[in-house]
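Following: one structure in structure tokens, then a few remarks.
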Amino acid sequence: MKNNSPRQLIWEFLVDTERSQGYINLGIEKLHQNLPEKERSFATELVFGSVRQRLRLDWTLERYLSREIDSELRELLRLGAYESLFMRTPAHAVVFEYVELAKKVLGSARSTMVNAVLRKIVANQEVLRDPNGLSLEVETSHPEWIVNSFAQIIQGEEELRAELHSHNEAAAVQAVSFTNLDPDEAQKDVRMPFGYSLKKPPHEIKEIRTGSGFIQDFGSQIIAEILLATDPERKYQWLDLCAGPGGKFTYLAHFLSKNQLAGIELHEHRSKLIRDRNPGYQITTGDAGNVKERLGEEGAEVSAPFQRILIDAPCTGLGALRRRPDARWRKRESDLKSLLDLQRNLLLSGAGLLDDEGIIGYATCSPHILETKVQVADFLRKNSDFQIHRINPAWIDSDYHSAITDQGFLQLMTGEHSTDGMFLALLERKKKE
């Protein structure tokens, strides 16, 4: 381990992640390995919290900055401001620790600015913590377009505020295990057939480390359970049309044999990960719209047409902002058009691979109305041979019944259900007259 303070390692991690356009949820384990065990929870809160609250922190900093500053200095000041306003680290410690860090990594000139800005912040902590008078965007630290997206689907200002604040709360690390986990390491959730909330880091749990269990949010587990409920006898041919990164495919593979379930993944490195996790299962690498012939090649154990198709479509990811806090700063409203086009094409590809009276499960990790209800309505309008197959409340625990919409879709919400904001519509090909 490098002989650096935890705050320096945290600052370096955030600066490096931003430069590489990486994601902190994917790199946090590596940071933990460079820290003493007693510092890891502190690091997790400071990293995730300062990224979640970036807009609120930048609004705070702008009150006391007289000129533009570089990204490295801004990242250091965000950390100091977050500790002062959200972690309630003693004022003298905030100023001392970050001034010393600035001297070491940024030089004495910029450390003088750190001293001046943080002294003003700690002196005005109570005023700065008060959300009164702040715009909803600043108060909850979300870009305006994301606030507007949630406002389209949530009625009531307080309900909207509660949902947005829920994105800034730490998410429990949830997992699937088809064998019992040690209760000292994980808490079984009675609402989920195979769901656990972990009490220890994943790498410390043997079943997770060896692959017999895997990390998966309860929202994704619910999607898999609903789909499996449409084939209670496990007799159909299944296709996962967007199989990477492989969590839902692996869940389905536990119940479906190698001659029932196949997957398609655009990128070979992700295909390999799924194959390694599910030896013997057929994973075809390529574009979903151009692999129909390969799915039916001689020797293939699973081939079109399929009776069940999962389309876990690429999306804005607005349903996973608590677990991927940097996504809210990476995604742009302008990204929507290409994503909507891709989703539309995936639905058309799925329809072309579906058997008579088969069902497509169209899922997104986003509640954005254009990616969910509007996308489904557009598909049904253009494909009159399809209809909604309503989700049966009996398929899921009663705690999640409120997620079933009047149209028969599933729309989980982080604030209400403490899951990712997963959407699912079951699209059924009508019986021929």
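We did not get these values from a lab; they are worked out from the coordinates using the rules stated. Keep in mind that what you see is a predicted model, and the values were worked out from it rather than measured. Reconstructed Cβ throughout: ideal geometry from the backbone, glycine too, with neighbour counts over all protein chains shown.
In table form, for the structure just shown:
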quantity	calculated
For region 344-418 versus region 33-47, the gap between their alpha-carbon centres in whole angstrom	39 Å
Rounded to whole Hz, the Karplus (6.51, -1.76, 1.60) HN-Hα couplings of region 188-202, x for glycine and proline	5, 9, 5, 7, 10, x, 9, x, 9, 9, 7, 9, 10, x, x
Within region 76-180, GluC sites (Glu not before Pro) in DSSP loop having at most 14 other beta-carbon neighbours inside 10 Å	GLU169
Amide proton proximity set for ILE404, modelled H, under 5 Å, gap of 5+	GLN411
Relative contact order of the chain, pairs being alpha-carbon contacts under 8 Å that are 6 or more residues apart, as %	13 percent
HN-Hα J in Hz across region 227-236 - Karplus 6.51, -1.76, 1.60, θ = phi - 60°, x for Gly and Pro	4, 4, 5, 7, 9, x, 8, 6, 10, 9
Share, in percent, of DSSP beta bridges within the chain that are antiparallel, nearest 5	55 percent
Spacing of the two label points (7 Å from each Cα toward its C-beta) at ASP406 and SER5, in nm	5.7 nm
Span from the region 1-31 Cα centroid across to the region 99-131 one, whole angstrom	21 Å
Hull volume in cubic angstrom per residue (convex hull over the Cα atoms of region 44-145)	101 Å³
DSSP loop trypsin sites (Lys or Arg not before Pro) with at most 15 other Cβ within 10 Å: longest gap in the chain	89-190
Estimated inter-spin distance, LYS199 and SER66, nm [label 7 Å along Cα→Cβ]	5.5 nm
Helical contribution to [θ] at 222 nm, DSSP H n ≥ 4, -39,500 (n - 2.57), averaged over the chain, rounded to 500	-13000 deg cm²/dmol
Modelled FRET efficiency - R0 30 Å, HIS389 with ASP58, Cβ distances, 0.05 increments	0.05
Calculated FRET value between PHE178 and PHE96, using beta carbons and R₀ = 41 Å, to 0.05	0.25
Förster radius 22 Å - calculated FRET efficiency between THR210 and ASN34, Cβ distance, rounded to 0.05	0.40
